[in-house]
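Encoded as structure tokens, the structure appears first; notes follow it.
The values are calculated or read from the model by the stated rules, or taken from the named source; none is laboratory data. No experiment lies behind these values; they were computed from the predicted model shown. Note that each Cβ is placed from the backbone with ideal geometry, even for glycine, and that neighbours are counted across all protein chains shown.
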Amino acid sequence: MQVLEIAFWLVGVYAILLLLLELVIWKVQPSMENEVTLFVNNDNSVAARKLYGFELDGSLYVSSNHWFRKWYYAVIENPFVDVERSGEIKSYKAIPLEGKERERIANAYQMNLLLRLMCGFAPRHFLRLDLHGVGVGDT
């Protein structure tokens, strides 16, 4: 019985710490290497999300690695986004990855165990950002 109680408390403490960390990341949006800022059309307003952008074979990708991902679902609904990268803003169309391309990107963009633990082992979703001529405000 004591083992179950200890396990219960450990899981509870982990869940609370995870929630607090997610809230801090969501609110603060810390700067990072290879940072891109997505300007997402979200409920008739534009929201900015800082994300890690990575390139592979000339394409730009971003991923949703956290449980809170309203921005991701907004992009799925309206895939036309503006992206600021290295001080320059360009328009893109976000394409959700599936199949072999998703598998290839997931293998190329590995997260270490500590980072996965800090993200609560959330399912990972990937988007490829293809250059597009229409901005967020024009869709």
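The single residue among S91, S59, S64 that is polar (S, T, N, Q), at pLDDT below 90 and under 19 Å from D130 (Cβ atoms) turns out to be S64.
Output the residues belonging to segment 47-61 that are on the phi < 0 side of the Ramachandran plot and out of contact with any strand residue (DSSP E or B) (no Cβ under 9 Å at 6 or more places or on another chain). Lay out the reasoning, then the answer.
Just the residues of segment 47-61 that are on the phi < 0 side of the Ramachandran plot, to begin with: 47-56, 59-61.
Of everything in segment 47-61, just one residue is on the phi < 0 side of the Ramachandran plot and out of contact with any strand residue (DSSP E or B) (no Cβ under 9 Å at 6 or more places or on another chain), namely L56.
Comparison of R128, R116, R49 shows that the only residue that is within 30 Å of Y14 (Cα to Cα), among the basic types (K, R) and surrounded by 17 or more Cβ atoms within 10 Å (Cβ to Cβ) is R49. Residues being surrounded by 13 or more Cβ atoms within 10 Å (Cβ to Cβ), touching a residue at least 60 places away in the same chain (Cβ under 8 Å), in contact with a strand residue (DSSP E or B) (Cβ under 6 Å, 6 or more places away or on another chain) and not assigned by TED's automatic domain parsing to the domain that holds L19 are represented in segment 77-86 by at least one member.
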